[in-house]
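Derivation of every value follows stated rules applied to the coordinates shown; laboratory data play no part. Computed from a predicted model, the values in this text were never measured in an experiment. Cβ atoms come from the backbone with ideal geometry, glycine included; neighbour counts cover every protein chain shown.
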Amino acid sequence: MMTKLGVLVAAALAFTATGASAATVITLSNPTPANQFLDLDLGINFTVNSAVTVNSLGAFTNGSSPITVTLYRLTSTSTGTAVASASVTGLPDVGSNYAFTSIGPVLLTAGLYQINARYNNPANGNYNPNSGNTATVLFNTLGGALSFSGSYYNFPGTDGIASTLDTVSQLSYGAGTFAVVPEPATWGLLIAGFVMVGVAARRRAVLTA
């Protein structure tokens, strides 16, 4: 019979093999309807402080038209290179305004990036809390792995890096987003945590006996 410790270790290894639940980096309080219907590129800049792996790109959408979401590595606030792109289609996840498209895992090393969404269909808007509403856009720093750098836009849209800083308010848009999985070093810490919990449980059982 497998010990409790063995069960915990096996569970941790299975969890590693199948992958953790993806962590959405830019989200919006839900449900929030779109309130901005313009031809826009909307970008949120962020700094990667320690490496993360992106496994899907998402967009704020009502599902009525595809939205192109692009992840750029920036060399300045207006120049850079696309490292991943996806056409996000279909209805949002249940209880959310975001739909996601899986991509081949993309490793983001330390540096400046932008997640960018192109809104060029008046039937499929984004959300801007500056328009007299109280909902806020949230940025998940993943425990310090990422840090927010600013919200940018192009009007009209150019299918490129959004380079005009929104000086009215930061964290301004319900637009593009992405999801990540932990790097191997993080998995090691998770497994070590499971093992320590198992050891402690076994020790308590022996003392009780």
Item to check | Sorted peptide list for 86-92, 169-175, criterion being average Cβ within 10 angstrom, highest first | outcome: 169-175, 86-92
Item to check | Average projection area in nm² (convex hull over Cα atoms of the stretch 21-181, one quarter of hull surface) | outcome: 8.2
Checklist entry - Across the stretch 88-95, in residue order, what do the Karplus-derived ³J(HN,Hα) couplings come to in whole Hz, using 6.51 cos²θ - 1.76 cosθ + 1.60 with θ = phi - 60° and x for Gly and Pro? => result 8, 10, x, 6, x, 4, 4, x
